[in-house]
Structure formats: structure tokens, C-alpha cells
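Let me begin by presenting the structure, written as C-alpha cells, before commenting on it.
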Amino acid sequence: MSSQPKPVHVRPTHISVTFKIVTPDQLRRIIFTLSRVSDDTNDSWSVMFELAERADVTKTFQLVIQLQVDVDHDDRTKAEATAKNGLDSDQHAQALVAADTAKDAKTGDATLEDAQNDAKAVIAARNLNSPK
């Protein structure tokens, strides 16, 4: 009788999920990409936040700003829940706030650090009652 080899469970080393938000007026688009890189001992999450706008719905979106930020280590559970279940309404609202701050950073009315913090806060804003 031959023994079957046990299945090997491989832990993913990289996950990337992209969410796109287009405002109801169709003039603003946010692309929010959440990525995880894992090694033997640690998970590291990051966000690529991109804001594009257009003056008219018949025009092409133009990139306003793109930000790359690391997710706080304390928010990794929320990052995983977001990757698995999508943005919740609190995170969606925070993404719109982050877009305003990002645009202000581009015009000098806010700092780049403010924009990065608001983009990072999209993960932290996850409602505790949202799917885990």
C-alpha cells in the first residue's frame, strides 16, 4: 500500500486588491490598491492611492496625485478584512476625505504628510461591525 504525500499548504506571499470609486457626478475617480507582502515572520500592507479628476464627463480623467503609504501594523487585521470583503461605507467616506486632502496637498493647502495620513486612514476607518 503506497502512502499519499500530504498536501503542502503554501501561504501567499503577495495579495493585491484594487478598488475604484467614481463620485456620483462622474468627475472624480479614486483608485485604491491594497497590497500585502508576506515573509516567514511578518505581513506588510501598503496602499497605492490615486486621485484623478476631469472637468466634464465627456473628458478623460487626469491624474491629480498618486500616493504610496504603508498601513500601520496595528491595522493589519482591518487591511485583511478589507482585502477579503471590500471597502465598507466608513472607508468609502474616508477615501473621499483623503481625495480632498490629496488635492489640497497638490495645491499647497495641505502637506504631503496630511495626504498620506488620510490615505492610510482609509484602512483604519473600517467599521468594527463590518465583515471580518
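The values are calculated or read from the model by the stated rules, or taken from the named source; none is laboratory data. This structure is a prediction, so every number in the text was calculated from the model and none was measured. Don't worry about glycine lacking a Cβ; one is built from the backbone with ideal geometry, like all the others, and counts go over all protein chains shown.
I'm trying to understand the selection: among the residues of region 71-116, which are over 14 Å from V47 (Cβ atoms), under 14 Å from the mean Cα position of the chain (by Cα) and basic (K, R)? The answer is K84, and nothing else.
May I ask you to verify whether D100 is in contact with a Ser or Thr (Cβ under 7 Å, 6 or more places away or on another chain), surrounded by fewer than 21 Cβ atoms within 10 Å (Cβ to Cβ) and either assigned to a helix (DSSP H, G or I) or among the acidic types (D, E) (or both)? So D100 does not fit the description; no. Scanning region 39-65 for residues that are exposed (fewer than 13 other Cβ atoms within 10 Å of the Cβ) and either touching a Gly at 6+ places or on another chain (Cβ under 6 Å) or under 25 Å from A110 (Cα atoms) (or both) yields A55, Q62, L63. Among residues of region 50-79 that are of a type in the set (F, W, Y), those with a Cβ under 7 angstrom from a residue that is at pLDDT 95 or above and assigned to a strand (DSSP E or B), sequence gap 6+ or separate chain, pair up as F61/R29; F61/A52; F61/E53.
For R36, the criteria (1) charged (D, E, K, R); (2) out of contact with any Ser or Thr (no Cβ under 8 Å at 6 or more places or on another chain); (3) surrounded by 16 or more Cβ atoms within 10 Å (Cβ to Cβ) hold in every case but one, which is (2).
Taking the criterion of being surrounded by fewer than 16 Cβ atoms within 10 Å (Cβ to Cβ) and in a strand (DSSP E or B), the residues of region 68-91 that qualify are Q68, D70. Of all residues in region 111-131, those that are modelled with pLDDT of 95 or more and assigned to a loop (DSSP other than H, G, I, E, B) have Cβ atoms under 9 Å from Cβ atoms of residues that are of a type in the set (A, V, I, L, M, F, W, C) and surrounded by 12 or more Cβ atoms within 10 Å (Cβ to Cβ), 6 or more apart or on another chain, in T111/A105; A125/A93; A125/A95; A125/V97; R126/A79; R126/A81; R126/L87.
Restricting region 103-126 to residues that are more than 16 Å from L63 (Cβ to Cβ) and in contact with a Lys or Arg (Cβ under 9 Å, 6 or more places away or on another chain), which is surrounded by the fewest Cβ atoms within 10 Å (Cβ to Cβ)? Only one residue fits best here, namely D109.
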